[in-house]
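Laboratory data are not the source of any read-out in this text; all were calculated from the coordinates shown. Predicted, not measured: the structure shown is a model, and the values here were computed from it. Ideal geometry is used to build each Cβ from the backbone, glycine not excepted, and the neighbour counts take in all protein chains shown.
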Amino acid sequence: MKRSIRTRLFFGISAIVLFFVIFSWVMNNQFLDRFYLEKKKSILTNVSQKTNQIYEGEPEKIALELEMAENNYGINISIIGQDGTIKYSTFSRILNQFPFDRKAQRPRTTETINSFEAAKQPRSFIFPPLNSDNNGFFYQKDSELNINYLMKETTLSNGDILLLRTPLAAISENAAIANDFLMITGILSLLLGSIWAYLFSKKFTKPILKLNKIAQNMAGLDFTETYEITTKDEIGDLGESINFLSKELESAIVELQAKNRQLEEDIEKERKIDQMRKEFVSNVSHELKTPLSLIQGYAEGLKLNVIDDERNKQFYCEVIIDEAAKMDTLVKDLLHLSQIDSGYYKLDKTDFDLSSLIDYIASKFQVIFADKDIVSIIDKPESLFVCGDIMRVEQVLVNYITNALQHVDENKTIKLGAQIKLDKVRVSVFNTGKNIPEEETEQIWTSFYKIDKARTRDYGGYGLGLSIVRAILEQHQNEYGVINMENGVEFWFELAICESIPNKQ
């Protein structure tokens with residue numbers, strides 16, 4: 001059975017209080033009579049010594065001192081002369097005119113007195129003493145009163161006898177009263193001690209229980225609660241240590257969790273990179289397989305003179321050249337993407353007029369727009385100076401426009417725009433056409449990803465254009481994205497505004 005510290009402390013303190021109460025009562029009961037008797041003997045000895053110092057044979061001269069001793073110490077005093085006569089006595093009814101036996105050094109018993117003298121005395125003492133010692137102390141009993149007395153007999157310096165007497169009943173009675181009072185005070189002490197023990201044990205264990213709760217919370221990785229230090233003792237030191245430990249553990253666990261998350265992200269990133277590497281190799285192999293097969297087949301046909309007429313030979317050569325050009329474009333795009341992703345390519349940032357660049361690129365596509373009956377709209381300021389690598393920004397715009405040409409629908413509208421947004425310029429390329437499925441808006445920036453693979457192949461794309469855009473803009477540390485609109489799709493990216501040259505709205 002589990003017992004708490006509070007319970008053990010309560011019973012422990014209560015047991016100590018009970019032990020001392022019982023111990024005090026036993027000591028009182030067994031030894032208080034003896035102690036009280038010894039104290040009375042000491043008082044009688046002191047009184048006899050003091051009386052001997054001041055007594056000169058005439059009790060009347062020291063009557064005041066004798067009366068004070070009697071009243072202060074509750075004793076009876078008698079002085080008997082050398083001839084047996086009583087010179088002074090507070091119990092003269094016993095000793096007055098009482099013959100004194102000098103040889104026995106004590107009054108004779110009442111049995112030695114004639115009947116007339118005995119008749120004059122209402123009470124008598126029975127001698128010899130009941131018990132005696134070598135210090136002049138002896139016990140005597142009053143047969144009529146049935147009371148025992150402690151007596152001290154001393155021979156004074158002038159030869160007179162000093163008798164001191166005190167009742168033993170007072171000693172026993174005082175001891176009994178003291179024992180009874182001790183029993184009452186012991187019960188009260190035990191009761192009050194138990195209450196104090198309960199309150200003390202509760203107060204003593206309260207901070208321990210608080211620290212235990214904090215430790216349990218720490219075990220559950222909850223470090224929000226701390227111990228309020230109110231005392232400068234061992235418990236206060238322990239609380240300070242618990243607070244320090246809690247703070248250090250929280251920091252360590254937070255750091256460990258952050259590193260764990262980072263490790264998980266790194267592992268996931270490595271897994272994705274490995275998966276992308278496999279997909280990349282597979283995609284490159286797939287993209288190269290078709291042109292290589294065509295080049296190989298048509299080259300073998302030319303070698304074996306499968307065809308005789310010049311027109312078909314010309315067609316075979318054009319196919320070989322076209323597929324080789326596609327392979328060249330693919331390899332160059334892969335090289336560009338690899339350089340940008342690996343960080344080997346360093347941007348050559350300059351301040352340039354984006355409006356002029358947009359006009360220049362649009363002019364290059366005017367023939368294609370006209371050939372496909374595409375309406376092109378340009379919405380931008382007259383001049384717009386930005387900071388970036390002008391060659392890579394041009395590549396981004398070309399890829400966006402190329403992508404728009406591949407996916408424009410029968411409405412045949414492409415819109416180029418540029419607007420200032422705070423400290424950035426947002427450039428957009430819009431084309432009418434089908435929206436991109438929401439679940440694929442993140443995947444289109446991945447290398448070799450194609451929404452419509454058959455259509456992309458017809459246009460000669462490999463799914464690298466948008467991945468190159470992503471790599472360029474991430475190296476510029478600028479945002480990019482795609483927005484599905486009501487009647488088409490808008491691709492956008494941002495560039496930093498050049499602060500040194502004013503831009504016209």
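If each Cα of the stretch 346-497 is one equal point scatterer, what is log10 of I(q)/I(0) from the Debye formula at q = 0.15, 0.16 Å⁻¹?
Each listed q maps to, in turn, -0.77, -0.88.
Once both labels are modelled 7 Å past Cα along the beta-carbon direction, what's the LEU263-TRP196 spacing in nm?
Reported label-point gap for LEU263 and TRP196 is 5.8 nm.
In the neighborhood of SER48, defined by Cβ-to-Cβ distances under 11 Å, what is the net charge if each Lys or Arg adds +1 and each Asp or Glu adds -1? Before the final figure, lay out the partial values.
Numbers: positive: LYS41, LYS50, LYS152; negative: GLU153.
Charge balance near SER48 sits at +2.
If each of ARG311 and ALA325 carries a label point 7 Å out from its Cα toward its Cβ, how far apart are those two points in nm?
2.2
With the crude spin-label approximation of a point 7 Å out along Cα→Cβ, what separation in nm comes out for MET183 versus LYS141?
Each label point lies 7 Å from its Cα, and together they span 2.7 nm.
Residue separation times 0.36 nm, minus the C-alpha to C-alpha distance between ILE420 and LYS289: what's the value?
Numbers: separation 131, 0.36 × 131 = 47.16 nm, distance 4.53 nm.
Full-extension gain reported as 42.6 nm.
Identify, among ILE368, PHE352, GLY388, the residue whose Cα sits farthest towards the positive end of the charge dipole of the stretch 346-497, taking +1 on the Cβ of Lys and Arg and -1 on the Cβ of Asp and Glu, with the dipole about the Cα centre.
Among ILE368, PHE352, GLY388, the one farthest towards the positive end of the dipole of the stretch 346-497 is ILE368.
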